[in-house]
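In what follows, a structure is listed as structure tokens, so that the remarks can point back to it.
The values are calculated or read from the model by the stated rules, or taken from the named source; none is laboratory data. No experiment lies behind these values; they were computed from the predicted model shown. Every residue, glycine as well, gets a Cβ built from its backbone with ideal geometry; the counts of neighbours run over all protein chains shown. For accessibility, only protein heavy atoms count, side chains too; no ligands or nucleic acids. Shrake-Rupley method; radii C 1.70, N 1.55, O 1.52, S 1.80 Å.
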Amino acid sequence: MNFTKTTEQSSKYEHLEKMSVSELLTNINNEDKTVPLAVEKALPQIESLVSKVVEKMKLGGRLFYIGAGTSGRLGIVDASECPPTFGVPFDLVNGIIAGGDKAIRKAVENAEDNTTQAWIDLQEQNISENDVVIGIAASGTTPYVIEGLKKCNNNNIITGCITCNEGSPLALTANFPIVVVVGPEFVTGSSRMKAGTAQKLVLNMISTATMIQLGKVKGNKMVDMQLSNDKLVDRGVKMIMSEIPVDYEKASQLLKEFGSVRKAVEEFKQ
């Protein structure tokens, strides 16, 4: 199939090695400024996918991200931050990377070219029709991701994707494609830059909007967050103080007793 990989097109900047640090940073920043505008154009696509994820989660389903390299790592980051931020089970949002967990730190040779492993990885998680699988690949051509989504499609599992090339094989495979066209990178082909930023912004939107729709935020507060360090405990105490008429000491005592901001506030109001 012929399509233009804009993520691989030559940078519009020449002779990067001759630029000063200031010039390098200014030019990178100028390119980065274009990313949110590219994401904005994909908002209807993002909305369609989020609505489907919410629908499936309300039926007891889970969300899976699959990807290779930078894309896989970004999925893992987003998935791993859902339990502490929203107090959800660790296996509600899952990140799977080609090559397994060792690929989080070190590139695993040829992992992204494996056409059968993604489905094996998903089956190990007891994937079912209740779940949604989102493939992440800037290029939209990663075999691990594409073949994984094809197997999901064949098994009536809803698929989405986040890619940065229009008309890519991945975008044509997913039921709910999200395509954010960011254009050529500052360093030619370095899709960890604008493409990676775009993917991170979209992942933030997907998980945050989904969790809010599922009732995991009250007002604008993370009332179900895990109290895993002193900073978060202090934040939780102050949230309680903003909701009910108690001082810091009493709020701290309530938080310790009930274990979450939501429960502390609810119990006090009863």
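Given a Förster radius of 35 Å and the C-beta distance between residue 34 and residue 218 as r, what FRET efficiency does 1/(1 + (r/R0)^6) yield to the nearest 0.05?
0.50
Under the rule a/c < 1.5 gives rounded, and otherwise a/b versus b/c splits prolate from oblate, where does region 127-210 land using the Cα gyration tensor?
oblate
Relative to the longest principal Cα axis of the chain, at what angle does helix 230-243 sit, 0 to 90 degrees, rounded to 10?
60
Could you state how much accessible area residue 234 has, in square angstrom rounded to the nearest 10, with a 1.4 Å probe and all protein chains kept in place?
For residue 234, solvent-accessible area is about 50 Å².
In region 185-265, what GluC sites (Glu not before Pro) fall in a loop by DSSP, with at most 14 other Cβ atoms inside 10 Å?
In loop regions of region 185-265 (DSSP not H, G, I, E or B), there are no sparsely surrounded GluC sites (Glu not before Pro).
Given bins 5 angstrom wide, list per bin the percent of all Cα-Cα distances in the chain, short to long.
All Cα pairs considered, the percentages come to 1, 6, 12, 15, 15, 13, 12, 9, 7, 5, 3, 1, 0, 0.
Could you give each residue of region 5-17 its phi-based ³J(HN,Hα) in whole Hz, using Karplus coefficients 6.51, -1.76, 1.60 with θ = phi - 60°, and x for Gly or Pro?
Values per residue, Gly and Pro as x: 7, 5, 5, 9, 5, 5, 4, 7, 9, 10, 6, 4, 5 Hz.
What is the percent carbon and sulfur in the accessible area of region 231-270, measuring with a 1.4 Å probe over the protein chains and ignoring ligands?
Summing carbon and sulfur atoms, their accessible area is 50 percent of the total for region 231-270.
For a quick check: with amide H placed at 1.01 Å from N, whose amide H comes under 5 Å from residue 176's, ignoring anything fewer than 5 positions away on the same chain?
159, 160, 161
By how many degrees, 0 to 90 and rounded to 10, does the Cα axis of helix 143-154 deviate from the longest principal axis of the chain?
70
Relative to the first principal axis of the alpha-carbon coordinates of the chain, what is the inclination of helix 248-258, with its axis defined by its Cα atoms, in degrees from 0 to 90 and to the nearest 10?
Tilt of helix 248-258: around 80 degrees.
Given the options 68, 164, 259, identify the residue whose Cα lies farthest towards the positive end of the charge dipole of the chain (+1 on Cβ of Lys, Arg; -1 on Cβ of Asp, Glu).
Farthest towards the positive pole: 259.
Given a Förster radius of 51 Å and the C-beta distance between residue 107 and residue 234 as r, what FRET efficiency does 1/(1 + (r/R0)^6) yield to the nearest 0.05?
Values: r = 39 Å, r/R0 = 0.77.
So, using R0 = 51 Å, E works out to roughly 0.85.
For the chain, report the accessible area per residue in Å² (1.4 Å probe, heavy atoms, rounded to an integer).
51
If you roll a 1.4 Å probe over region 32-164 with all protein chains in place, what percent of the accessible area is carbon or sulfur?
Carbon and sulfur together cover 48 percent of it.
Amide H of residue 218: which non-local residues (sequence gap of 5 or more, or other chain) have their own amide H closer than 5 Å, using H built in the peptide plane?
When sequence neighbours closer than 5 places are left aside, the close amide H contacts are 223.
I'm checking a number: the convex hull volume of the Cα atoms of region 104-167, normalised per residue, in Å³. What is it? Let's see the in-between values first.
Details: hull volume 6.1 nm³, N = 64.
Measuring per residue, one finds 96 Å³ for the Cα hull of region 104-167.
For region 13-155, take the convex hull of the Cα atoms, compute a quarter of its surface area, and give me that in nm², please.
Taking a quarter of the hull surface, the average projection is 11.0 nm².
What FRET efficiency do you get for residue 125 and residue 172 if R0 is 25 Å and r is their Cβ-Cβ distance, rounded to the nearest 0.05?
So, using R0 = 25 Å, E works out to roughly 0.50.
Taking DSSP loops as anything outside H, G, I, E and B, show the longest stretch in the chain free of trypsin sites (Lys or Arg not before Pro) there with at most 14 other beta carbons within 10 Å.
Result, exposed sites excluded: 107-270.
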